[in-house]
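*Asks:* Take this structure, written in structure tokens, and hold onto it; I'll ask about it next.
The values are calculated or read from the model by the stated rules, or taken from the named source; none is laboratory data. Computed from a predicted model, the values in this text were never measured in an experiment. Virtual Cβ from ideal backbone geometry, glycine too; neighbours counted across all protein chains shown.
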Amino acid sequence: MTLFRRSLMALPAIAAACEAAAQSVSWFPVEGDKAFFVEMPGAPVYKVLDAVSAGGTRFTYHSYSLEYRRLSFVAQTALYPADVDVRNQKANLQSVLDDRVQRLAGGKWSQVDWKTVQGAPAVEATGPLAGGNALRQLAVLKGRRFVSLGYLAPADAMRAPEAQRFFSSLRLLS
């Protein structure tokens, strides 16, 4: 048997070992501002970020971030103030994509998927960053409540077990 064939036969075992390693990590539950629940592969750093709406009203983002191996996880939430028009939810979510696209290599998302999360409108997008990394972003708008998950990793790790667990663990609480 050639070395090439042996290495191909080993791929399923390697993939299973990677999946098992991701599952054996002590995942940390995060409840963001009593608005969402998500799991991260460790305890995140919590920050309060001040923001200002287009109408000039101050509001707060609650941000939870974690660097884990070569992967970065971010979960954020904000309650938009009354001067933010949330009636056109898709337009609001599109503005999130438009803001973040400026950081992407080539200035465009490679994949955009409009969906719902627990009945709330959402958009998930993936795009390339400089240096071989990529960004996977999920933004949800439920009434005035904005929730966002971000995952930055090497481009070949966009669907890694850690990413899948992070995104699939999201639960809206309010």
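*Asks:* Checking residue 55 against (1) buried (at least 16 other Cβ atoms within 10 Å of the Cβ); (2) out of contact with any helix residue (DSSP H, G or I) (no Cβ under 9 Å at 6 or more places or on another chain), which single condition isn't satisfied?
*Replies:* (1)
*Asks:* Is the stretch 98-120 home to any residue that is farther than 23 Å from residue 42 by Cβ, β-branched (Val, Ile, Thr) and in contact with a Phe, Trp or Tyr (Cβ under 9 Å, 6 or more places away or on another chain)?
*Replies:* Within the stretch 98-120 (the criterion being farther than 23 Å from residue 42 by Cβ, β-branched (Val, Ile, Thr) and in contact with a Phe, Trp or Tyr (Cβ under 9 Å, 6 or more places away or on another chain)), the answer is yes, since at least one residue qualifies.
*Asks:* Follow-up question, since we're still on this one. Determine, yes or no, whether residue 166 is touching a residue at least 24 places away in the same chain (Cβ under 8 Å), aromatic (Phe, Trp, Tyr) and under 20 Å from residue 60 (Cβ atoms).
*Replies:* No: the conditions fail for residue 166.
*Asks:* Further question on the same structure: Could you tell me which numbered condition residue 86 fails, if it satisfies all but one of (1) closer than 22 Å to residue 54 by Cβ; (2) modelled with pLDDT of 95 or more?
*Replies:* Looking at each condition in turn, residue 86 falls short on (2).
*Asks:* Something else now. Would you confirm whether any residue within the stretch 16-36 is at pLDDT 95 or above and small (Gly, Ala, Ser)?
*Replies:* yes
*Asks:* Given the conditions (1) more than 24 Å from residue 169 (Cβ to Cβ); (2) among the hydrophobic types (A, V, I, L, M, F, W, C); (3) surrounded by fewer than 13 Cβ atoms within 10 Å (Cβ to Cβ), and given that residue 84 satisfies all but one, which numbered condition is not satisfied?
*Replies:* Among (1) more than 24 Å from residue 169 (Cβ to Cβ); (2) among the hydrophobic types (A, V, I, L, M, F, W, C); (3) surrounded by fewer than 13 Cβ atoms within 10 Å (Cβ to Cβ), the lone unmet condition for residue 84 is (3).
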